Amino acid sequence: MTCLHIDQGIQYMRIILNNWDENIETEKDEISVSDLLKIRNFSYKMIVVRVNNVLIKKDDYLTKTIKDGDNVQVIHLMTGG
């Protein structure tokens, strides 16, 4: 079972997000990639997500989970001309 952290009555998990230590407020032991994108307001259409160096397919964002201690990379792809 994952250990959630509590600080001043707020329960959260600690992850590394884009090379920064982040506290994600949640009462769950794990959250989906989709949940994280909503929580952190990643709303770009072209995003690449890796969890613990594993590329996550967009079709799996609702089912792939993130747990305390995970290393997550969210990369916004840009196009131009």
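Quick check: anything in segment 59-66 hydroxyl-bearing (Ser, Thr, Tyr), part of a strand (DSSP E or B) and more than 18 Å from residue 10 (Cβ to Cβ)? So far as segment 59-66 goes, yes, one or more of its residues are hydroxyl-bearing (Ser, Thr, Tyr), part of a strand (DSSP E or B) and more than 18 Å from residue 10 (Cβ to Cβ).
All conditions but one from (1) open to solvent by less than 100 Å² (accessible area, probe 1.4 Å); (2) at pLDDT 95 or above; (3) over 13 Å from the mean Cα position of the chain (by Cα); (4) not acidic (Asp, Glu) apply to residue 57; the one that does not is (1). Scanning segment 21-32 for residues that are over 18 Å from residue 42 (Cβ atoms) and open to solvent by 80 Å² or more (accessible area, probe 1.4 Å) gives 27, 28. Confirm whether residue 18 is within 12 Å of the chain's Cα centre (by Cα) and either open to solvent by less than 70 Å² (accessible area, probe 1.4 Å) or not hydrophobic (A, V, I, L, M, F, W, C) (or both). Spelling it out, residue 18 is indeed within 12 Å of the chain's Cα centre (by Cα) and either open to solvent by less than 70 Å² (accessible area, probe 1.4 Å) or not hydrophobic (A, V, I, L, M, F, W, C) (or both).
Name the residue, out of 77, 62, that is at pLDDT 95 or above and either among the aliphatic types (A, V, I, L, M) or out of contact with any Asp or Glu (no Cβ under 7 Å at 6 or more places or on another chain) (or both). Selected residue: 62, the only one of 77, 62 that is at pLDDT 95 or above and either among the aliphatic types (A, V, I, L, M) or out of contact with any Asp or Glu (no Cβ under 7 Å at 6 or more places or on another chain) (or both).
For residue 12, the stated conditions hold: it is surrounded by 14 or more Cβ atoms within 10 Å (Cβ to Cβ), at pLDDT below 95, within 13 Å of the chain's Cα centre (by Cα) and of a type outside the set (Gly, Ala, Ser). Of all residues in segment 50-67, those that are free of Cβ contacts under 8 Å to residues at least 24 places away in the same chain have Cβ atoms under 8 Å from Cβ atoms of residues that are assigned to a loop (DSSP other than H, G, I, E, B) and surrounded by 11 or more Cβ atoms within 10 Å (Cβ to Cβ), 6 or more apart or on another chain, in 51/64; 51/70; 52/70; 56/64.
Residue 4 fulfils the conditions (1) surrounded by 15 or more Cβ atoms within 10 Å (Cβ to Cβ); (2) at pLDDT 90 or above; (3) within 15 Å of residue 67 (Cα to Cα) except for a single criterion, (2).
Within segment 21-41, residues that are at pLDDT 95 or above reach partners that are surrounded by fewer than 16 Cβ atoms within 10 Å (Cβ to Cβ) and part of a helix (DSSP H, G or I) with beta carbons closer than 8 Å, at six or more positions or on different chains, in the pairs 31/39; 33/60.
The values are calculated or read from the model by the stated rules, or taken from the named source; none is laboratory data. These numbers were taken from a predicted model, which means no experiment stands behind them. So basically every Cβ, Gly included, is an ideal-geometry build from the backbone, and we count neighbours across all protein chains shown. Just the protein is used for accessible areas: all its heavy atoms, side chains included, with ligands, DNA and RNA removed. Shrake-Rupley method; radii C 1.70, N 1.55, O 1.52, S 1.80 Å.
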